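All remarks here apply to the structure that follows.
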Amino acid sequence: MTGSLLVHAIVPRSRANGPGERMTVWVQGCTLACGGCFNPGTHPGGEAATSVAELLAMAEALPIEGVTLTGGEPLQQAEGVAAFGAGLKARTGLGLIILTGYSRREIEDDPARLAAVAHADLVVAGRYQRLAHLGGGLRGSSNKAYWWLTGRYRGVELEALPDLEVLVGADGTLTITGMAAPTIG
Ligand code: SF4
C-alpha cells in the first residue's frame, strides 16, 4: 500500500472519538482557520510523514472497532486518506470515521475529496463554529452534519460517547480528548 500521511498524534484505543474503542489519528496540517478551533497545534504543515502501510499495520494489530481520522484537516491529504481507507476496508473489518472541516457539498464537488471518503462509514462534515459549540457527540458544533455512508453506526451511539477522556500512555504521556476537552496547542 503506497501513500503517507502527516500525523500530529495517534491514540491506539480511544473511547471518545466514535463507537467502541478506536485508533484515533490526528493528522497534521489545516488551512481552514475556523474561529475557536480547539486544536490549533495541528494547523502548521509538517515534514515527517507516516506511511499508510505503517498506519494500517498498527490498526490491524489492535483489538478495536475502528479508526477515526481527525485533525488537522484529513481531506487536505486526500490521496493518503483514500489509500488508508481502501487498505483498511480491503484488509480488515474495521470501521472508519472521518472528521473534516469541509462541508458535504465541498466534498462532493471535489473528486479527490470524494475519493478520500469513499471507504468511510461516517463523515462528520463542516466548519467548526464556536458560537454553535456542542459539548457531546462528534459534531463539535451544531452546524456540522453527520453524513452516513453505511449503516454501520447510528446517531444514538454517538450521543452516548464520553464528552471527555483522559489517557495515560505507556511513557506517562497524558492525552485529553473528547468534545469537552480544553483547547490544546
Ligand atoms: S477544520 Fe478542524 S482543525 Fe481545521 S481550523 Fe477547523 S476545527 Fe480547526
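The values are calculated or read from the model by the stated rules, or taken from the named source; none is laboratory data. The model shown is predicted, which means the values in this text are computed figures rather than measured ones. Don't worry about glycine lacking a Cβ; one is built from the backbone with ideal geometry, like all the others, and counts go over all protein chains shown. Side chains are part of the model used for accessible areas, which takes the heavy atoms of the whole protein and leaves out ligands, DNA and RNA. Shrake-Rupley method; radii C 1.70, N 1.55, O 1.52, S 1.80 Å.
Among the numbered conditions (1) open to solvent by 30 Å² or more (accessible area, probe 1.4 Å); (2) under 15 Å from the mean Cα position of the chain (by Cα); (3) of a type in the set (A, V, I, L, M, F, W, C), the only one that ALA160 does not meet is (2).
Residues of the stretch 88-113 being closer than 15 Å to PRO74 by Cβ and either assigned to a loop (DSSP other than H, G, I, E, B) or within 14 Å of the ligand (Cβ to nearest atom) (or both), which ones?
First pass over the stretch 88-113, keeping only residues closer than 15 Å to PRO74 by Cβ: 88, 96-104, 106-107, 110, 112-113.
Across the stretch 88-113, the qualifying residues are ILE98, LEU99, THR100, GLY101, TYR102, SER103, GLU106, ILE107, ASP110, ARG113.
Please verify whether GLN28 is surrounded by 22 or more Cβ atoms within 10 Å (Cβ to Cβ), more than 19 Å from GLY140 (Cα to Cα) and within 13 Å of the ligand (Cβ to nearest atom), treating the condition exactly as stated. For GLN28, the condition - surrounded by 22 or more Cβ atoms within 10 Å (Cβ to Cβ), more than 19 Å from GLY140 (Cα to Cα) and within 13 Å of the ligand (Cβ to nearest atom) - is not met. Checking each residue in the stretch 14-50 for being more than 18 Å from GLY85 (Cα to Cα) and in a strand (DSSP E or B) picks out only SER14. In the stretch 127-141, the condition of being within 16 Å of the chain's Cα centre (by Cα), farther than 21 Å from VAL11 by Cα, within 14 Å of the ligand (Cβ to nearest atom) and open to solvent by 50 Å² or more (accessible area, probe 1.4 Å) is met by at least one residue. Checked against (1) on the phi < 0 side of the Ramachandran plot; (2) modelled with pLDDT of 95 or more; (3) surrounded by fewer than 23 Cβ atoms within 10 Å (Cβ to Cβ); (4) not aliphatic (A, V, I, L, M), GLY20 meets all criteria but (1). For the stretch 31-52, a residue qualifies if it is within 13 Å of the chain's Cα centre (by Cα) and surrounded by 22 or more Cβ atoms within 10 Å (Cβ to Cβ), and exactly one does: THR42.
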